[in-house]
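Just so you know, all these numbers are worked out from the coordinates, no wet-lab data involved. Computed from a predicted structure; not experimentally measured. Cβ placement follows ideal geometry from the backbone for every residue including glycine, while neighbour counts extend to all protein chains displayed.
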Amino acid sequence: MSMVFDESRFTPTTALECDFPMAEISQIAEQESWRKEINRPIYHIHKWWATRLGSVFRSITLGALCNPQTDIRTEFYKTHDFADKVVLDPFMGSGTTLGEAVKLGAKAIGCDINPISTFIVRQAFTPVSEMALRAAFSQLEYVIAPKIRYYYQTHDPKTKKLIPVLYYFWVKTVTTPKNEILPLLSRYVFAQDAYPKKKPQAHIICPSCWNILEGRYDTTDMLCQHCGYRFNPQKGPASGQYVTTTDGQRYRIRDLLPKDGTPPKHRMYAMMVLCPNGEKNYLPIGAEDLALYEEARRTLANENLPLPEIPVRPGHNTDQALKYNYTHWRDFFNDRQLLCLGLLLNEILNIKDQNIQEQMLCLFSSTLEFNNLFCSFKGEGTGAVRHMFSNHILKPERTPLENSVWGTDKSSGTFSTLFETRLLPAKRYLDRPFEIGFNRDLFGNRSKACKTIASRPIRVRNVTTWPELTTTKHGMLILNGDSSRLPLPADSVDAVITDPPYFDFVHYSELSDFFFAWLSPALRSRYQWMARENSSAKGEVQNTDSRAFARQLSAVFTEACRVLKDEGILAFSFHHSRAEGWAAIYEAINTAGLAVVAAHPVHAELRVASPKSTAKDPISLDAILVCRKKACTLQHTSIHDIRKTVDTFTSKLQSAGMHISAADRFVIGAAQAMIAKAADNLSFEDMTLYLKKIHDALTSHKN
């Protein structure tokens, strides 16, 4: 039912234009989405936003390269060799399309205007032996790790021996006109289990003497055993955008920020340490710990280190940080973090082998995400560090968690742990690129998930030009630049498969500047695309205005249409909750000379993913929109028929164990509307009205 066109006048050329195993692929995709960094480590070697699921893009690519009679489901776990096929992704991001294409034996071309994307994709597909990486890591561990570890240690109160500090707990403070210093704590419970009802014991800071107490996470009455102060641990000075003084006066927090343009002050009040017996413990901050931090501050002032200098650009994703006086990217780190990260980066730049050095630079950049003042504590019983991009907006963290940069085997999000959990698994995946599968019981029912090798080792030759690619059996061309002007001949690509940027509020370049600020000084003399002022460039497809976004996207789709063979398809994933978002996609496709000929709903992301989990009606589906050059007469479809298709697809997905929300139903319906109106060339306004009718028809229809 995904084919709503007149087949007597239109002949499909690929399997993706026909039936699609949405339920089966969604089950695989959902399993992958639980631990994407483990199940597809090659695309998670470094942070990128909205990274799509490899299993979904394997099925899309397979369908795009196979003939219409092919059963995608039965071919999914088979080894293929499409050596004569070329797949293009004009928004390559983390490289998902490229990886799935080369696993199927095809040639791959990826282009992205963002230099961070270009850098991380190059690193993902660079084969480097684990032995060579371990040798480089060992050298770094010998030379620089002791210097970093020195700044993350304290004396054990029991044994009096030095022990490592895993994390320091900080809190922002503001000073009132009466010179009262207030910590921006909303409650004094600072550490509790991720599942507190099962494990209610928590750690609480006394607001009078700043000693650490133990009690229930939900206790409302606490007597400090150290100073005798009685207080309610659930009520701190900060609430929402306001802070209250000890005498009850209320101030707006923004009004108390430093007037000299510097970021807010912080107080270090607790730490988690690793005891000699291997257990973790919480300790209050003492004079020795404050002195150690002060030593780090003085050392930083006397060192000449490669630190970030570029300013933070105004934008939807950065404005909140700017309002708190975070005007430069170095402001996102405290002095100890700047010192230790600078020392580490400086030593990495001494590595002579360029491939090894860049792998370590990629690892270093990945470490930044978990080692800055915008990180926070997730809680006990889970990965301790909530990284800075858990919100798309760079929201200043009132209670930052300082990680230990190099780390221990009990750490998370540090250079040493990410080496083992991100970099090495990505390199191993090149040797054994597996798929997620399922074991079956005696009755054929799906049981435990397993890993299945369904591709040859990824051994691609990175080339720099189109002529080189045509003469290379297994080649990959990674480009940086405007995808509306590709250095490719017309009618040269068999399939264009991509995931366009989200149109309204997630501006990748505003966020990726965080990494660019560190990497650009190290790489600008090596790569022209790293020698910019920031990671943005003219031609970037990113706009909060839906009409402007449509124009930007249509320029890329028009170019994709030019390089696409006549019998080829352009397929991309998309979802949106608003009619305007879909109308923008419709306009971009039409303007490019394309028509949607099929649309398949498929699992996209976990509902528990942040910030998705905060949505009232979260979307967990992507629509795979399959486009062809306009050379066919498409059949009109009524809203009634679209609603029937939505019901059918919903039933299929629910039978596979998926929960389909009202927003998911609209994604399915809006995608079908793209087909229904493909030949009509509706205006943006008319398509928006039509999509709103679809929305009303679906919401008024009883599930």
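Things to note:
- Neighbour counts of C-beta atoms inside 10 Å place 466, 582 in the sequence 466, 582, starting with the fewest.
- Calculated [222 nm] ellipticity per residue, helices only, for the chain: -10000 deg cm²/dmol; basis is -39500 (n - 2.57) per DSSP H run with n ≥ 4, divided by all residues, nearest 500.
- On Cα atoms only, tilt of 662-676 relative to the major axis of the chain in degrees: 30
- Dipole of the chain [Lys/Arg +1, Asp/Glu -1 at C-beta], most positive-end residue of 241, 157, 681: 157
- Computed across the stretch 166-221, the Kirkwood hydrodynamic radius from all distinct Cα-Cα pairs reaches 12.8 Å.
- 0 to 90° range, to nearest 10: angle between helix 354-368 axis and the chain longest Cα axis: 70
- Residue among 34, 61, 11 farthest towards the positive dipole end of the stretch 1-147, charges placed on Cβ: 34
- In the chain, the longest principal axis of the Cα atoms and the axis of helix 639-655 are about 60 degrees apart.
- Its Cα gyration tensor gives the stretch 1-157 an equivalent ellipsoid, and the semi-axes of that ellipsoid, as √(5λ) in whole Å with the largest first, are 41, 17, 14.
- Amide hydrogen proximity for residue 312: with H placed 1.01 Å from N in the peptide plane, the residues at 5 or more positions away or on another chain lying under 5 Å are 328, 329.
- Anisotropy class of the stretch 228-300 from Cα gyration tensor, a/c 1.5 cut: oblate
- Spin-label pair residue 432/residue 180, simplified geometry with 7 Å Cα→Cβ offset, distance in nm: 6.2
- Anisotropy class of the stretch 90-194 from Cα gyration tensor, a/c 1.5 cut: oblate
- A cut-off of 5 Å between modelled amide H atoms, ignoring neighbours fewer than 5 places along the same chain, links residue 479 with 110, 111, 112.
- Counting neighbouring Cβ atoms within 10 Å and putting the fewest first, the residues 219, 699, 51 line up as 699, 219, 51.
- A Förster distance of 25 Å, applied to the separation of the beta-carbon atoms of residue 353 and residue 453, puts the FRET efficiency at 0.25.
- As a proxy for reagent exposure, 167, 293 were ordered by neighbouring Cβ count within 10 angstrom, fewest first; the result is 293, 167.
- Computed magnitude of the charge dipole of the chain (debye, nearest 20; Cβ of K, R +1, Cβ of D, E -1): 1180
- Where N is the number of residues in the stretch 295-433, Cα Rg divided by 2.2 N^0.38 Å: 1.11
- Size of charge dipole - the stretch 1-139 - debye, nearest 20, with Cβ of Lys, Arg +1 and Asp, Glu -1, no other charges: 600
- Length released on extending from residue 305 to residue 252, taking residue separation times 0.36 nm less the Cα-Cα span: 15.3 nm
- Sorting the segments 232-239, 21-28, 32-39 by their residues' average number of neighbouring beta-carbon atoms within 10 angstrom, most packed first, yields 21-28, 232-239, 32-39.
- In range of the label at residue 83: residues from the stretch 463-478 whose backbone nitrogen is under 13 Å from the point 7 Å along Cα→Cβ: 471-475
- FRET efficiency, residue 528 to residue 391 (Cβ-Cβ, R0 25 Å, nearest 0.05): 0.15
- Spin-label zone in the stretch 518-559 - amide nitrogen under 12 Å from a point set 7 Å from the Cα of residue 684 along the C-beta vector: 543-554
- Note on residue 485 and residue 700: the extension gain reaches 72.9 nm, defined as 0.36 nm multiplied by sequence separation minus the Cα-Cα distance.
- Amide H contacts of residue 270 (H built 1.01 Å from N, in plane; Pro and chain starts excluded): 169, 285 sit under 5 Å, all sequence-distant by 5 or more or on other chains.
- Shape category assigned to the stretch 474-556 from the gyration tensor of Cα positions, a/c cut at 1.5: oblate
- Given charges at beta-carbon only (K, R positive; D, E negative), |dipole| of the stretch 496-569 in Debye: 320
- If you model the stretch 534-581 as an ellipsoid using its alpha carbon gyration tensor, with each semi-axis the square root of five times an eigenvalue, the axes come out at 22, 17, 10 Å, biggest first.
- Angstrom value of the Kirkwood radius, inverse mean 1/r, which spans all Cα pairs in the stretch 233-363: 18.5
- Mean separation of Cα contacts under 8 Å (6+ apart) over length of the chain, as relative contact order %: 18
- Cβ-based charge dipole, the chain, positive-most Cα from 577, 144, 649: 144
- Its alpha carbons give the chain an Rg and a Dmax of 26.9, 86 Å.
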